[in-house]
Amino acid sequence: MQFSTDTQLRKWKPQDNSTRVRCGQKLFVWGFLNGRKIFQIRLDINGQTTWLDINDFPAISLSAAVEIAQCADSLLLQGQCSLESLQFGLANSRNAEELEGHFSGIEIGLQRTRETATFDDVYRQWYHTQKNANRWPEPASARRPITLYEMHT
């Protein structure tokens, strides 16, 4: 059995709580006896199968889930994201465009924070540049800016 329309998916009644049915190449829907249906993507990474939740049905349509699954697979294959960041992106995306936006540089600040210079880094670099340029000829004058900075931070 494979679903190709929202109507088929809406009419489907799972037989138990562990029923997964294919909806696309790597897309499945997991059905529960209480009527809840969750889209999941199946990923094979380093010989291990991993299931990531996309979203509930009918919160997103089958066509949107297919697009999200294709986008997620291509992001992983291109190396633009890790499994953990993809899981975060899936939880915060309602369509493929939003998912791509998380990794295209629009919202990638979460991943690049280690590369961004902090105020402390910039201040200390400025201080050492000034000190090496003999901006303050007296030792007490040279100590004052860094002492005040460290005292107030």
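Since every read-out is calculated from the coordinates, none of them should be taken as a lab result. Here the structure is a predicted model, which is why all the values come from computation and not from measurement. Glycine gets a Cβ as well: all are built from the backbone with ideal geometry, and neighbour counts include every protein chain shown.
Just a few scattered comments:
- Restricting the range 1-59 to residues that are over 24 Å from the mean Cα position of the chain (by Cα) and in a strand (DSSP E or B) leaves a set whose member that is surrounded by the fewest Cβ atoms within 10 Å (Cβ to Cβ) is Gln2.
- Matching residues in the range 21-36 - criterion: being in contact with a strand residue (DSSP E or B) (Cβ under 6 Å, 6 or more places away or on another chain) and over 23 Å from Glu84 (Cα atoms): Val21, Arg22, Cys23, Gly31
- Within the range 127-150, residues that are surrounded by 12 or more Cβ atoms within 10 Å (Cβ to Cβ) reach partners that are of a type in the set (D, E, K, R) with beta carbons closer than 6 Å, at six or more positions or on different chains, in the pairs Ala142/Lys131.
- Residues in the range 74-90 that are in a helix (DSSP H, G or I) and either farther than 25 Å from Pro14 by Cβ or touching a helix residue (DSSP H, G or I) at 6+ places or on another chain (Cβ under 8 Å) (or both): 11 in all.
So that you can scan it fast, the table gives a plain yes or no per residue for (1) farther than 17 Å from Leu75 by Cβ; (2) of a type in the set (A, V, I, L, M):
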residue: Asp16; (1), (2): yes, no
residue: Arg20; (1), (2): yes, no
residue: Gln25; (1), (2): no, no
residue: Leu33; (1), (2): yes, yes
residue: Leu43; (1), (2): no, yes
